[in-house]
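Visitor: Quick one: the structure is below, and I'll ask about it shortly.
Rule-based calculations on the coordinates, nothing more; no lab input. Since this is a predicted model, take the numbers as computed values, not measurements. Cβ placement follows ideal geometry from the backbone for every residue including glycine, while neighbour counts extend to all protein chains displayed.
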Amino acid sequence: MRDLNELASYCKNYDCVMLKDEPLKNHTTFRIGGCCNALIVISNVKALQKLVVFCNENKIPWMVLGNGSNVLVSDSGYDGVIFQLGKSFSKIQMQSETLISCESGALLSAAGHFALDKSLTGMECLSGIPGTIGGALYMNAGAYGSDMSNVVVSAEFIYESGNIKTITKEEMELGYRKSIFSGTRCIITKIILKLEKGKYSDIKDEMDSLMRQRRAKQPLELPSAGSTFKRPVGNYASFLIDQCGLKGASVGDAQVSTKHAGFVVNTGHATCANVLELCDFVIETVKEKTGYELELEPIIIK
């Protein structure tokens with residue numbers, strides 16, 4: 001791709017790490033996907049602004065990746081630049097007695113344990129989700145009856161133009177697995193969470209209990225993108241898939257988990273094509289046998 005050398009100079013100036021022809025399977029929880037032209041580990045907001053503007057001006061395709069936990073990357077990879085918001089973009093700090101400021105690359109687990117250390121309640125249900133807090137807000141992630149809409153107050157984000165804006169919860173249009181950011185190229189950079197004062201031992205007991213439930217019921221021992229299908233209105237994807245006898249169904253090394261039918265897992269060397277073929281089979285079978293039409297939850301990168 002043209003302009004990569006100049007882009008590399010930008011990265012060096014702003015203390016960002018750039019990896020050319022980087023396999024994206026190394027950066028997703030599914031462990032699937034081809035290479036991108038370059039993966040840039042972002043160091044700070046200013047660097048991200050400059051790199052977004054540079055890519056726009058030079059017509060270089062780009063997108064953002066956090067922990068890679070709700071994505072499926074094409075076997076051919078991504079013909080463009082991936083901005084990764086990770087460890088160097090993950091500061092968490094107190095803003096007041098009950099407000100926490102989190103950079104968007106912070107893991108939900110880290111935010112949950114930070115809250116626990118401060119004896120603040122509200123993150124227990126979310127802390128076991130294997131993603132970044134920015135990615136969680138982007139799709140309004142949730143579990144065990146709670147989601148990001150229950151704790152977020154405001155967020156800072158970068159427009160595709162490179163400008164920064166702050167938005168309140170009321171403006172985010174938060175719904176089931178969606179927000180005003182969904183489907184856009186806005187980049188969430190910082191989130192303010194409002195929690196409640198609680199008792200350390202009670203919060204820890206709840207977090208430990210929920211994690212035991214996850215380990216008992218979900219295939220955490222195998223690579224996946226998390227829940228593979230959105231919850232259909234009036235039912236549950238895992239129940240419908242199980243009802244149709246699809247647990248254990250497979251295409252190549254992609255398999256409907258025998259532990260939890262709502263997960264498609266990578267049992268070895270599954271390809272994106274394997275996963276999509278299996279998901280199509282599941283969707284068609286469930287539609288034919290139950291009338292429900294399932295939708296994929298992970299974002300497809302291609």
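Visitor: Most mobile of GLY68, GLY77, GLY291 per a Gaussian network model of the chain (Cα springs, under 10 Å)?
Guide: GLY291
Visitor: What per residue convex hull volume, in Å³, comes out for the range 124-242 when only alpha-carbon positions are used? Please list the in-between numbers first.
Guide: On the way: hull volume 15.7 nm³, N = 119.
About 132 Å³ per residue, rounded to a whole number.
Visitor: How far apart, in nm, are two points set 7 Å out from the Cα along the Cα-to-Cβ line at GLU171 and at ASN44?
Guide: 2.5
Visitor: When GLU170, GLU22, GLU277 are ordered from fewest to most other Cβ atoms inside 10 Å of their Cβ, what list results?
Guide: Working: GLU170 9, GLU22 19, GLU277 14.
In order of increasing Cβ crowding within 10 Å: GLU170, GLU277, GLU22.
Visitor: TYR200 to LYS87: FRET efficiency via 1/(1 + (r/R0)^6), r the Cβ-Cβ distance, R0 25 Å, to the nearest 0.05?
Guide: Working: r = 26 Å, r/R0 = 1.05.
Here the calculated transfer efficiency is 0.40.
Visitor: Just check the chain against the gyration tensor rule for me: Cα atoms, a ≥ b ≥ c as the square roots of the eigenvalues, rounded for a/c under 1.5, and otherwise prolate or oblate depending on whether a/b exceeds b/c. Don't skip to the answer; put the middle values down first.
Guide: Numbers: a/c = 1.85, a/b = 1.12, b/c = 1.65.
Because a/c hits 1.5 or more and a/b fails to exceed b/c, the chain counts as oblate.
Visitor: Convert each backbone phi in the range 119-130 into a coupling constant with the Karplus relation 6.51 cos²θ - 1.76 cosθ + 1.60 (shift: θ = phi - 60°), then list the ³J(HN,Hα) values in order as whole Hz, x for Gly and Pro.
Guide: Listing the rounded values in order: 6, 10, 9, x, 9, 4, 6, 8, 5, x, 6, x Hz.
Visitor: I would also like to ask the following. Assign one of three labels to the range 143-183, namely rounded, prolate or oblate, based on the Cα gyration tensor with a ≥ b ≥ c the square roots of its eigenvalues; rounded applies when a/c is under 1.5, prolate when it is not and a/b is larger than b/c, and oblate otherwise. If you can, show how the numbers build up before the last one.
Guide: Working: a/c = 2.82, a/b = 1.90, b/c = 1.48.
Prolate, because a/c is 1.5 or more and a/b exceeds b/c.
Visitor: Here's something else I'd like to know. What is the gain in length, in nm to one decimal, between GLU57 and PHE281 on full extension, counting 0.36 nm per residue of separation less the C-alpha to C-alpha distance?
Guide: Details: separation 224, 0.36 × 224 = 80.64 nm, distance 4.17 nm.
Stretched fully, the GLU57-PHE281 segment lengthens by 76.5 nm.
Visitor: Would you pull out the residues with amide H under 5 Å of ILE188's amide H, same chain only if 5 or more places away, H placed 1.01 Å from N?
Guide: ILE158
Visitor: Sticking with this one: Using only DSSP helix segments of four residues or longer, with each worth -39500 (n - 2.57), what per-residue ellipticity at 222 nm results for the chain after dividing by its residue count and rounding to 500? Could you put the intermediate results ahead of the total?
Guide: On the way: 7 runs with 83 residues, N = 302.
So the helix-based figure for the chain works out to -8500 deg cm²/dmol.
Visitor: So, R0 is 51 Å and r is the distance between the beta-carbons of MET94 and GLU6; what FRET efficiency does that work out to, to 0.05? Please list the in-between numbers first.
Guide: Details: r = 40 Å, r/R0 = 0.78.
Efficiency, rounded to the nearest 0.05: 0.80.
Visitor: What FRET efficiency, computed as 1/(1 + (r/R0)^6) with R0 = 30 Å and r the Cβ-Cβ distance, is obtained for TYR159 and HIS113, rounded to the nearest 0.05? Don't jump to the answer; show the numbers that get you there.
Guide: Numbers: r = 32 Å, r/R0 = 1.06.
E(calc), rounded to 0.05, equals 0.40.
Visitor: In addition: Could you work out how far the C-alpha centroid of the range 143-201 sits from that of the range 95-129, in angstrom?
Guide: Between the Cα centre of the range 143-201 and that of the range 95-129, the gap is 13 Å.
Visitor: Tell me which residues come under 5 Å, amide H to amide H, from ASP21 once H is placed; ignore anything under 5 positions away on its chain.
Guide: Amide H to amide H, under 5 Å and 5 or more residues apart or across chains, ASP21 pairs with ALA38, LEU39.
Visitor: Another question about this same structure. Going by C-beta contacts inside 10 Å, put TYR138, TYR78 in order with the fewest on the left. Please list the in-between numbers first.
Guide: Details: TYR138 29, TYR78 23.
Final ranking by Cβ density, sparse to dense: TYR78, TYR138.
Visitor: Pairs of Cα atoms under 8 Å, at least six residues apart: use those to get the relative contact order of the range 237-301, whole percent.
Guide: Details: 86 pairs, mean separation 17.8, N = 65.
In percent, rounded to a whole number, it is 27.
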